[in-house]
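Below you'll find the structure, written out as structure tokens, and then a few comments.
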Amino acid sequence: MLPPFYSDSASFYKRKTGFDKSLPGFLYLQGVQGKGEKFFKFGVSNDWPEKRTAAINVDSPYLHTLVEWWCFEVGGAALDLETACKREFKMFLPKRRFDGRTETFSREQVAIFYQLVKKAVVKSQGRVTQWRGEKLQRFVRCMEVTQ
């Protein structure tokens, strides 16, 4: 188990100090839904994705559910992957106020997201130190059924 990178996560999110690519870094994937809209959001954090998701849910008009995350030994690899995803996707634009619109995509683009992740994991040459998944395909099917 990796140690937490910040002891006071609440103040970290309020400060939004940014991402330190020299520290271990997470790329996380969230399912987002609310008022008939369903889409995905990705991002990077030096803190645990569970904390990040909980902090985002405090202020967001949408419900965020953590789906998967990958921890890279060097945060720069996670940041490179986030940048590659931003270049690749035609972003989903939510109807209501939403922070991080440049990191969103529709469920139809899930396969593209995973191709980019797989390529980045291979390229990192073993620097992915941890991974946790919540059975994304089941999550996507659930989004389709409840839409």
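A few remarks follow.
- Residues of the stretch 100-121 satisfying the condition of being open to solvent by less than 50 Å² (accessible area, probe 1.4 Å) and among the basic types (K, R): R107
Results for (1) of a type outside the set (S, T, Y); (2) closer than 17 Å to V128 by Cα; (3) free of Cβ contacts under 8 Å to residues at least 24 places away in the same chain, shown as yes or no for each residue.
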site	(1), (2), (3)
Q30	yes, no, no
A54	yes, no, yes
G75	yes, yes, no
K86	yes, no, yes
K95	yes, no, no
S106	no, no, no
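- Counting the residues of the stretch 57-90 that are assigned to a helix (DSSP H, G or I), closer than 12 Å to V44 by Cα and among the hydrophobic types (A, V, I, L, M, F, W, C) gives 5.
- Residue check, E50 open to solvent by 10 Å² or more (accessible area, probe 1.4 Å), free of Cβ contacts under 8 Å to residues at least 40 places away in the same chain, among the acidic types (D, E) and touching a strand residue (DSSP E or B) at 6+ places or on another chain (Cβ under 9 Å): yes
- K21 falls short on exactly one of the conditions (1) part of a helix (DSSP H, G or I); (2) modelled with pLDDT under 85; (3) open to solvent by 50 Å² or more (accessible area, probe 1.4 Å), and that condition is (1).
- When the stretch 106-126 is filtered for residues that are modelled with pLDDT of 70 or more and of a type outside the set (A, V, I, L, M), the ones remaining, listed by number, are S106, R107, E108, Q109, F113, Y114, Q115, K118, K119, K123, S124, Q125.
Per-residue answers, yes or no, for (1) surrounded by 14 or more Cβ atoms within 10 Å (Cβ to Cβ); (2) at pLDDT below 85; (3) closer than 20 Å to G18 by Cα:
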{"position": "E37", "(1), (2), (3)": "yes, no, no"}
{"position": "E73", "(1), (2), (3)": "yes, yes, yes"}
{"position": "F92", "(1), (2), (3)": "yes, yes, no"}
{"position": "F98", "(1), (2), (3)": "yes, yes, yes"}
{"position": "Q147", "(1), (2), (3)": "no, yes, no"}
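- Conditions (1) among the hydroxyl-bearing types (S, T, Y); (2) over 15 Å from the mean Cα position of the chain (by Cα); (3) at pLDDT 85 or above: number failed by T129: (3)
- Against the numbered list (1) closer than 20 Å to K123 by Cβ; (2) without any contact (Cβ under 8 Å) to a residue 40 or more places away in the chain; (3) assigned to a helix (DSSP H, G or I), V44 comes up short only at (3).
- Meets criteria (touching a Gly at 6+ places or on another chain (Cβ under 8 Å), of a type outside the set (G, A, S) and open to solvent by 50 Å² or more (accessible area, probe 1.4 Å)) for R87: no
The values are calculated or read from the model by the stated rules, or taken from the named source; none is laboratory data. Everything quoted here is computed from the prediction, not taken from an experiment. A quick note on method: Cβ atoms are made from the backbone with ideal geometry, for glycine too, and the neighbour counts reach across all protein chains shown. Remember, those area values only see protein heavy atoms, side chains included, never the ligands or the DNA or RNA. Shrake-Rupley method; radii C 1.70, N 1.55, O 1.52, S 1.80 Å.
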